[in-house]
Structure formats: C-alpha cells, structure tokens
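Participant: Can you read through this structure? Questions will come right after.
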Amino acid sequence: MENLNCTTMHSTIGPLFLAASAQGLLALEFDRRLPGQQSIRPSPRHLREEKKRFKFEDSARLMRPYLGELEEYFAGNRREFTFPLDLRGTDFQLACWRALLAIPYGETRSYAAIARAVGKANAFRAVGMANNRNPIAIVVPCHRVIASDGTLCGYGGGLDLKRKLLELEGALSGMLAA
C-alpha cells in the first residue's frame, strides 16, 4: 500500500483535490466530476479495491508547496509550476502528457498538433483519450488543447471551466497558436 498526502484546495474555479506521493504531485482533480470520469479518490463503490492501493493522509502542511504555486497561478502571478510530478500511465499517455507540458502558458494547440508532437499524426482521438485520463489537471495543461477549427471541446471539468482557465491565461484572444 502506498502512502499519499492529500488536501482539498478552495480555488477561484471551485474545490480541487490534490494528492502527492514521495516523488511528487500525483493527482489534481476537480471536485465535480463528470459521470465515468476517473478519480484517485476512494469511492464507496470501489473502496475495498482502492484501500489496498493507497492510504490517504490529509495534510495541508505537507501539501503547502503545491498549494502555494496553485494559489499564485490563480492569482495570475505564476506561469509555470516548479514542483515535481509523479505521472503514471502508459507510454503513449506519458508522451501525450509531456507534450501538454510543453505548451506555453497563454497558448493553445490542437489535438492534431499534439498527435504530431508525439509522432502519431493520425492519433488525435487517442490524444483526446490520453487527455481524458490526465490525472493532474491544470498543471499538466490539457485545458490548452482545442479542436483544429479553434473551438473549445472536451474537458473533464466542463467547457465553462476550460474557458475560465484559458481566460485566466489570456489564451482566448489568440486562440490557436499551432
């Protein structure tokens, strides 16, 4: 069983759940989830299975480095995060998430551009699924990925939340950078 530190943060976009391993931030989830959306948090339905995997320790003190940088981000005073991440996924998911991390603050990319960046030019739907499985919202900026025609689409927190994050970053004015 792995010990994880966790806390809930109240932000300008609503409550956020954070969990970190000894290696770094493992999860950043919106409090409101869409039906069927993955979560690291124990749910009554899968509690027995998840209890074997993780032990959660509520600790705002140990989560302070993550909370501080997120507070700066929401205040408009931080453009990139410097804390360590503990990304876990398939090789393809990890490649997609690394491509997301390369999208500069205030810019967007299309699903097709991310597919090209990971060397799978026709895999834009698979890129969408990798984005859907992104365990560290906001920090691994899947909100910066939009449709090839420049419209907003597909976001685990909902399109209103995606729009708010892009507005915060000033990305809506120049919408599609690549």
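Participant: How many of the residues making up segment 69-87 are under 18 Å from S21 (Cβ atoms) and either in the same structural domain as L25 (by TED's automatic domain parsing) or surrounded by 13 or more Cβ atoms within 10 Å (Cβ to Cβ) (or both)? Explain how you work it out, then say what you get.
Facilitator: Just the residues of segment 69-87 that are under 18 Å from S21 (Cβ atoms), to begin with: 69-70, 81-87.
Now restrict to residues that are either in the same structural domain as L25 (by TED's automatic domain parsing) or surrounded by 13 or more Cβ atoms within 10 Å (Cβ to Cβ) (or both): 69-70, 81, 83-87.
Qualifying residue count for the region: 8.
Participant: Write out, first by first residue and then by second, each pair whose Cβ atoms fall under 8 Å of each other, whose residues are 6+ apart or on separate chains, and whose first residue, in segment 111-123, is free of Cβ contacts under 8 Å to residues at least 24 places away in the same chain while the second is in a loop (DSSP other than H, G, I, E, B) and surrounded by fewer than 20 Cβ atoms within 10 Å (Cβ to Cβ).
Facilitator: A115/A121; A115/N122; A115/A123; A117/A102
Participant: Can you pull out the residues in segment 119-150 that are under 19 Å from the mean Cα position of the chain (by Cα), surrounded by 19 or more Cβ atoms within 10 Å (Cβ to Cβ) and among the aliphatic types (A, V, I, L, M)?
Facilitator: If the condition is that a residue be under 19 Å from the mean Cα position of the chain (by Cα), surrounded by 19 or more Cβ atoms within 10 Å (Cβ to Cβ) and among the aliphatic types (A, V, I, L, M), then V127, A130, I136, A137, I138, V139, V140, V145, I146 are the ones that fit.
Participant: Just to be sure I understand the filter: pairs with C-beta atoms under 7 Å, separated by 6 or more residues or on different chains, first member in segment 131-157 and within 15 Å of E107 (Cβ to Cβ) and in contact (Cβ under 8 Å) with a residue 12 or more places away in the chain, second member small (G, A, S) and assigned to a loop (DSSP other than H, G, I, E, B). Which pairs pass?
Facilitator: Between residues of segment 131-157 that are within 15 Å of E107 (Cβ to Cβ) and in contact (Cβ under 8 Å) with a residue 12 or more places away in the chain and residues that are small (G, A, S) and assigned to a loop (DSSP other than H, G, I, E, B), the close pairs are R144/A171.
Table: residues versus (1) in a helix (DSSP H, G or I); (2) at pLDDT 95 or above.
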position: F92; (1), (2): yes, yes
position: C96; (1), (2): yes, yes
position: L100; (1), (2): yes, yes
position: Y105; (1), (2): no, yes
position: R125; (1), (2): yes, no
position: D149; (1), (2): no, no
position: L161; (1), (2): yes, no
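Participant: Tell me yes or no: at least one residue of segment 57-64 is at pLDDT 95 or above, within 16 Å of the chain's Cα centre (by Cα) and buried (at least 19 other Cβ atoms within 10 Å of the Cβ).
Facilitator: No: segment 57-64 contains no residue that is at pLDDT 95 or above, within 16 Å of the chain's Cα centre (by Cα) and buried (at least 19 other Cβ atoms within 10 Å of the Cβ).
The values are calculated or read from the model by the stated rules, or taken from the named source; none is laboratory data. Worth saying up front: this structure is predicted, and the values here are computed from it rather than measured. Because the Cβ atoms are built from the backbone with ideal geometry, glycine has one as well, and the counts that use them run over all protein chains shown.
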